[in-house]
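The values are calculated or read from the model by the stated rules, or taken from the named source; none is laboratory data. Please read these numbers as outputs of a predicted model, since none were measured by experiment. Calculation scope for accessible area: heavy atoms of the full protein, side chains included, ligands and nucleic acids excluded. Shrake-Rupley method; radii C 1.70, N 1.55, O 1.52, S 1.80 Å.
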Amino acid sequence: VNCSIISSSYEVNVYRLGYYNGKGARFLGTTMHKSKNIKQPNCQWESWSRMVDCSNWMITDEWVIPGDAVSGVYVAVPAFDSTSALRNNKSNKSYGSYIPFVVRQNQSVLKSDILFKTSDLTWVAYNLFGGWNVYRGGGEFSFASRAKKASYNRPYFNRLPEPHGKQQNFIFGSEFPLIYWLEKYGYDVSYASCSDVEDMYSHGLLKKDRYRILLSVGHDEYWTPELRAAHFAARDEGIHLAFLSGNEAFWRVIWAENYNIANNLNSKARSLKAPIDKLFQHQDNNRRVIVCQKETIEGFSLSNFTKTKAEMWTGTFIDPRHRPAEHQHSLNGQYFMVNAMRRDRLLLSHRDSRLRLWRNIAFNSSLITSNSQTVYISPSGLLGYEWDASIDDCHRPNGMFTLSHTPMIIKSSLMETFGASYKGNGTVSHKLSMFRHFPSPLPLQSNSNSMNLNDYGLLMCSNASLIALHQLASHINTNKDKGSLVFGAGTVQWTWALSSFRDGEPMDEDTVIQQATLNLLADMDVLPSVEIFHALEKSQIARQTKGHLQHKLVFPTLNKDFEAPKSRIVSPSRNTKRLIVSKNGTLRIRGTAIDYGGGNVAGVEVSLNGGRTWHAAVGRESWYYDHRFSNPPTSLADTSDCSSFNSDGETTISAFRNALMKKGVWLYDDYVSYEWEIRSATTTHSVPVVILTMDSQQSQSHQQNKSTPPKIRSKPLQLLILSRAVDDSGWKENHLIATQQGLCDVYMMTKNGYPSYRLKNIPQNMANIQLTFIKN
């Protein structure tokens, strides 16, 4: 402990946070300090980064962690005057800043049902001690005056009220309520800091036989790339991930020692009193300083960042100027959108209330009206102080379904330009989300039942291949030991409903969210202590509050639903030769789904590119999906409507193109042509759809001799529209349905005999090229 106190004596009291019969902590001991007045030197100041670092303070006190100490979050609290004043709550006691620290499990143990990861990187980023954090500095609330590095080596100001601190960004804001609640009900839980989780990952200790659930809690905004990799590895290992957090995994930070190596700074002296390699040797080697320059807010000009090394990037993970971009919602399905300071309510419809998460809850049906099917309205503040949205794009996790739907009009608080500003307006929907993740299966071997998914996602296969792919998916579904559930609350203050014993604005505890959390953990194979649970619930009294009925909690049961649902495409049918496309280029696909495993259909997904990407359909047992075909190509990446940026900032354009087509088409011999019927109010146009297949050598030879079109070898192609259903246990059915198939041998010419459209940058190893013409 490094204390800076002008006093002849003081004490440092140590506590372990938890339930402890409602007290919230257990007193573990006191370290006494009696000496002359202590005056520490001024903290060190690094001018280029505006970092305040107090590692030059002398060590004044020590508390030796007992060998039998229980893993947990501990706090050391300096206090003045008499030794009994703190424990007796005398009013004349003065306290220093709280010093939180994590006691992890001994390496010989490292096993518990739940691993609680603290959000300490975010505590450090927001800490304003010394006058600077990564948001502001020097008394100005301006990004321009912010610090670009932040140190663990300084007292925490977070628990102070504005303008000195922000209680929401510290352990007692949204993390402590969950610690209190989990230990109240006797859950088997251990604790780890962000760097602890990185170490567990690097040493191969994030295994399902050690931990069943890894938690992200509260305001978990700042992550290192190593921490992000640890969560992906845990998910692949089969550890369930519960994100009871919001604005999570948003800013990318790196440890100072990694930054120094990348920039060759170890031999350079900054405007410090000593060279950086000597002055910061201790903390740099022990992950005590983070770099967060926030390049995202510096401006959107790509030319500013073309030389930035990927490992040095400390903007947002989602910013495409970081190569490669690491999409936030690809991990947990949640995408930060709504900035502070919010106190919104979560809404639950009657339709969503039938899903597994909400079982054992008596909803208030009197809320249902002719204009609303809402059965639950949360306390104000459950969605806050920042919250996420669920975005349906090509980075959305496969098999994801939503458990609630709260649309809201937001003014001047929406994230813009990948996190560069937060002044946007619009309607955004908050949605609780969940999916069951399976590691990517090995590709099928090349044989009569093989499939070929080329670099552009075109699935070329026979009917036998469809059967083989379906069998592979069925095998994955039955391998339950490798599946992990991933839940996204998408709000910083989910845990406020679990306990009102915390810092921050008041909000009532809520048994609906408490029961849902019990259910969630049970679906992730973790139960509370039976004896403790029933003893506590005997003392609870049911009470009526505004919006819903507060009821006694019900002991949850483990999930026994292991059977996937089934989906079927009704329209277009398998043998359809003419597809109905609206005037704006939209094709509506309809279908049905049913679950036989005792659960409920939670969602349906549709793919039009051979299963490369999936998009959520509207509805469940009866569903539809509207696919909007784009105009002739300008910046279209592929049929999944997802584009990316290369290192030069140009939009990557793949070989999947939509183009205009004139009716004059040169056709060889026999061919099969699909027709799209484009309807408007007054006219109907039937336009042939043709598929061109050639290899790259034929393409190159034709470019040299444009006068005569090449004789193209006919190849069978499957044009696939795929659907799959997912139930509320996360099991998804991957039966593939081919709605169009045929043999095409077509080439398109202009009046002067030259090709009217030519592909660019054809890869040498690309075997097949598809051109689809859909509009008149």
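General observations
- Within the range 326-350, tally of residues that are within 13 Å of Ser404 (Cα to Cα) and charged (D, E, K, R): 1
- Selection of strands (runs of 3 or more DSSP E) fully inside the range 454-559 by the criterion of at least 1 residues being at pLDDT 95 or above and of a type in the set (A, V, I, L, M) returns 484-488.
- Of all the residues in the range 119-144, those that are open to solvent by less than 20 Å² (accessible area, probe 1.4 Å) and in a helix (DSSP H, G or I) number 6.
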